[in-house]
Amino acid sequence: MLIVIAVLALLVGLMLPALSKSRQSAQITACTVNLRQLITASLMYVGDNRDVFPDPAWDPPMPVGYRGWLYVGKMSDVIKNGQGSSTGSLWSYLGGEPDLADLGVQKTYRCPAHKPPWRAASTSDNITSYLMNGAVRGFGRVKVSYRVDRFRPDSWVFWETDEWVSGWNDGSSYPDEGLSKRHGQPNRNAARYDNAGATIAVIDGGCRWVSRVLYDEELKIRPGRLWCNPGRKTGD
């Protein structure tokens, strides 16, 4: 009996790393699918709106009358009333009814590895795991997002955002607010990468896995794929 128990324990020990790796792979695949849907919805929006990219919900200020890609109005209100991302400009392009919550559509905004507790009751991580690059509206310097043809085709416009930063006050972010630490790294220690990385969406409609090392290197390039604000020579 002891031999059987020992063998079973050994088998379990061998299987756990494989199961963990398989689960991680499935989560990464889900994020890639989600971000591909979000960038596709964004480009459909572009086609219907004179080639202007969706508003990033940069707050403050979000222009009066504009639906941000993630929500409209005051974020704390749409979270409190349960409408959440159904108020955003991409919702209908993802198959949802505007302003009507739908758990099936809502899954598109959520990495399966992103679990509560959230930063606060009114922060955007309550309704999304992904944020848009604030460069699409000049990091708040202009009132309306730029036309898509103003960007380099390799510009990174969505990413899985660092869950530990304080940048969840709206629907967009500065690039240096960071990439998620969920995948490939069990803790928030910025000095440890352990093959960590996350999925990003590109303005040309593609998606790719980016290591944290590559992301941090890209942060140094201005202008570049992250610092891609068309309104400034340095992209920031």
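The values are calculated or read from the model by the stated rules, or taken from the named source; none is laboratory data. Keep in mind that what you see is a predicted model, and the values were worked out from it rather than measured. Cβ: placed from backbone, ideal geometry, glycine included. Neighbour counts: every protein chain shown.
Of note:
- Near pairs, Cβ below 6 angstrom, 6+ apart or cross-chain, from the stretch 212-230 (under 16 Å from residue 202 (Cβ atoms)) to any residue that is basic (Lys, Arg): 218/225; 230/150
- Any hit, the stretch 74-81, residues being at pLDDT 95 or above and surrounded by 12 or more Cβ atoms within 10 Å (Cβ to Cβ): no
- Test: residue 167 is over 20 Å from residue 45 (Cβ atoms) and in contact with a strand residue (DSSP E or B) (Cβ under 7 Å, 6 or more places away or on another chain): yes
- Summed over the stretch 21-45, residues that are under 15 Å from residue 206 (Cβ atoms) and not small (Gly, Ala, Ser) total 11.
- Tally, over the stretch 174-191, of residues that are basic (Lys, Arg) and either modelled with pLDDT of 95 or more or buried (at least 17 other Cβ atoms within 10 Å of the Cβ) (or both): 2
- There is no residue in the stretch 176-185 that is among the hydroxyl-bearing types (Ser, Thr, Tyr), under 28 Å from residue 24 (Cβ atoms) and without any contact (Cβ under 8 Å) to a residue 24 or more places away in the chain.
- Only a single criterion out of (1) surrounded by fewer than 23 Cβ atoms within 10 Å (Cβ to Cβ); (2) small (Gly, Ala, Ser); (3) at pLDDT 95 or above; (4) under 18 Å from residue 114 (Cα atoms) is not satisfied by residue 171, namely (1).
- Enumerated strands (runs of 3 or more DSSP E) restricted to the stretch 127-234, each holding at least 3 residues that are under 19 Å from residue 57 (Cβ atoms) and out of contact with any helix residue (DSSP H, G or I) (no Cβ under 7 Å at 6 or more places or on another chain): none
- The set of residues from the stretch 101-126 being of a type in the set (A, V, I, L, M, F, W, C), surrounded by fewer than 16 Cβ atoms within 10 Å (Cβ to Cβ) and under 19 Å from residue 37 (Cα atoms) comprises just one member, 103.
- Filter pass, residue 59 being free of Cβ contacts under 8 Å to residues at least 40 places away in the same chain, acidic (Asp, Glu) and either part of a helix (DSSP H, G or I) or more than 22 Å from residue 43 (Cβ to Cβ) (or both): no
- Candidate set: the stretch 197-233, residues that are crowded, with 19+ Cβ neighbours inside 10 Å and of a type in the set (Ser, Thr, Tyr); chosen: the one farthest from residue 32 (Cα to Cα): 215
- When the stretch 95-117 is limited to residues that are in a loop (DSSP other than H, G, I, E, B) and touching a residue at least 60 places away in the same chain (Cβ under 8 Å), the one that is farthest from residue 70 (Cα to Cα) turns out to be 113.
- Count of the stretch 59-70 residues which are surrounded by fewer than 24 Cβ atoms within 10 Å (Cβ to Cβ) and either modelled with pLDDT of 95 or more or among the aromatic types (Phe, Trp, Tyr) (or both): 1
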